[in-house]
1. What is the gain in length, in nm to one decimal, between residue 518 and residue 314 on full extension, counting 0.36 nm per residue of separation less the C-alpha to C-alpha distance?
2. Could you state the number of Å between the C-alpha centres of the range 418-451 and the range 185-252?
3. Tally Lys/Arg at +1 and Asp/Glu at -1 over every other residue whose Cβ is under 13 Å from the Cβ of residue 195; what's the total?
4. Applying the Karplus parametrisation 6.51 cos²θ - 1.76 cosθ + 1.60 with θ = phi - 60° to the phi angles of the range 355-364, what ³J(HN,Hα) value in whole Hz is obtained for each residue in order, glycine and proline being reported as x?
5. May I ask for the net charge around residue 502, where only other residues with Cβ less than 12 Å from the Cβ of residue 502 are counted and Lys, Arg are +1 while Asp, Glu are -1?
6. Skipping prolines and chain starts, which residues have an amide H placed within reach, meaning under 5 Å, of the one on residue 301, given they are 5 or more residues away or on another chain?
7. HN-Hα J couplings of the range 514-528 from phi, Karplus 6.51/-1.76/1.60, θ = phi - 60°, integer Hz, Gly and Pro as x?
8. Which whole-Hz ³J(HN,Hα) couplings does the range 125-130 yield from phi under the Karplus relation 6.51 cos²θ - 1.76 cosθ + 1.60, θ = phi - 60°, glycine and proline marked x?
Amino acid sequence: MDKQTGDNMFNGTALLKGCGAALMLIIIVSCAHQMAEQDNATSSSSKESLDELLAQVKKNQNVQEAPNKTREAQLRERNSQRAIKRPSIQAQESLASPIVIAGSRHYHTSYPVVPNHPATRESYQAIEPSKVTRVTDQPVSTFSIDVDTGSYANVRRFLNSGSLPNSNAVRLEEMVNYFDYNYQMPADLARPFSINTGLIRTPWNNQTHLMRVAIKGWQQQVQNIPPMNLVFLVDVSGSMQSEDKLPLVVRSLKMLTKHLDENDRVAIVVYSGQSGLVLDSTPGNQKAKIVAALRNLRAGGSTNGEAGIELAYQIAKDNYIKDGVNRVMLATDGDFNVGISNRDELVKLIESKRDQGIYLNTLGFGTGNYNDYLMEQLADNGNGQYAYIDTIFEAKKVLVDEIASTMQTIAKDVKIQVEFNPQVVHEYRLLGYENRLLNEEDFNNDKVDAGEIGAGHTVTALYEVSLATDQFKRLGERRYQHQKVPQSTSSLTNPTDEIAWIKFRYKAPSENTSQEISQVLKIDSLKTEPPQVQDLYFAAAVAGFAQKLKSDKYLGDFDFDDIQKIASLNKNFDPYGRKAEFIQLVDKAKTLYLEQTD
């Protein structure tokens, strides 16, 4: 073999070390041809060299394939982990199935769970807006109250980050109930909440009316809140590492701790792959000890929520305060992937604990993998409340400013039933509460669970109604339907002067038998301005905003400018600037909407 051929072989070998397998084979073939042409006599030697090169190729190829296989294995492992965290489509559909065990909230409409965006793993319950109902078809509307506010704060998070929210993240009733309204306060706990009604022309359709059905819970001074037995159940799994998760959880719970005293108790339970007791039940005035335990929390591992919930409830039970506030405060992104991760099973676990007099509040944190649907359902079935904490200021609102309503339940299983008078009302549409709807017979059934109301809470429900005398009707008249409907069991002397009969059913916190109160909305309400009319208009603006974000077909030409104008004219008393912030959010949504439609 001559020098040139040897040089070619040397250079080819050097190139092989840095090139892909295909390129190396090309170089080898080229070298082989050169060797064959230059010296057939050296074929034996060249063959040996070629064999060496092929061995080198195989060696290099194996070296290159090994890391590729490692990467493939890593991807399979990562996808396997994601499959654990995120159910399959079939599993998601099963998660959406209504719960049918006795005493649960078996809302008769169920919807699938959907991810927010392909780039994220956020989960929301897909909900279709309520439809227009003809009164002669269904004169009675029944639903559970809702005091959750998580949807509003979550929508704010989307808008402040520069994106429009997923429509399923928008729950109209939680948007409206985020705000406090100046409704009349009940005199005492003998009747734990007052009833507030009113009618105005619908802002987005002046040919219909907007009917308010609202309650205001009795409230006492913060210093008179009963002693609290709290268990902070904190998710310290690997998904909680970002600043808007565990660090914000710690800041939020430290803020709450500052407002506890020697009559209160706090324990801290954490969970990731395994669960543990970080701080046994400690008097609330030992703030340094509680804060030190919070500061030492670190995130890492998978998420075994089931074990953490079990331990937290056991600690709460061991330190139960009779006639006090006994609550588990769950702080997490909702990304359960070890132990029970099926929503229905987790809900059943929570339901089994609430009868012990220990309620569950859920505090949602973070983005990207947030499970809004699970957080809402756990709180609802644990007789607690759901809030989303996007900032330290929201933590202050929920855990400090509204501590009485967050912690102290004044009535449970609160249901509302509205019977419309078909001689006065042609059709109606309940705004929101789609996943709170109950069957008519559920109203009188004390086994059917419903929502709780805390001290000072306001709950507002809005109906858009068309009167029988109105020219505008979404549902036309029927030729063959008999319009006169038999009078209901209520003792009516002149039913044509009544719009609706509104009933509320509730239980005292320690009772299992419901009480009922009712009120009639008279047609005279159309002639006078309702009490707290500015509150009603502001609530209408918020309801309009929620519908706009959901691209509701009933809004017509009602746009962001109309919402801003109504809210600005009726923001009224706003000591914390929350109504002013709402107006800014409307402006942000308008900007993002225009950007999207350009």
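Readers should treat all values here as calculations from the given coordinates under stated rules, not as data from a laboratory. Here the structure is a predicted model, which means the values were calculated and not measured. Note that each Cβ is placed from the backbone with ideal geometry, even for glycine, and that neighbours are counted across all protein chains shown.
1. 69.5 nm
2. 21 Å
3. Taking every other residue near residue 195 into account, the sum is +4.
4. Karplus values, whole Hz, x for Gly and Pro: 5, 7, x, 10, 9, 10, 9, 10, 10, x.
5. Summing Lys and Arg as +1 and Asp and Glu as -1 gives +2.
6. Here 238 satisfy the definition.
7. Listing the rounded values in order: 7, 10, 10, 10, 8, 7, 9, 9, 7, 5, 4, 4, 6, 8, 10 Hz.
8. 7, 6, 10, 7, x, 5
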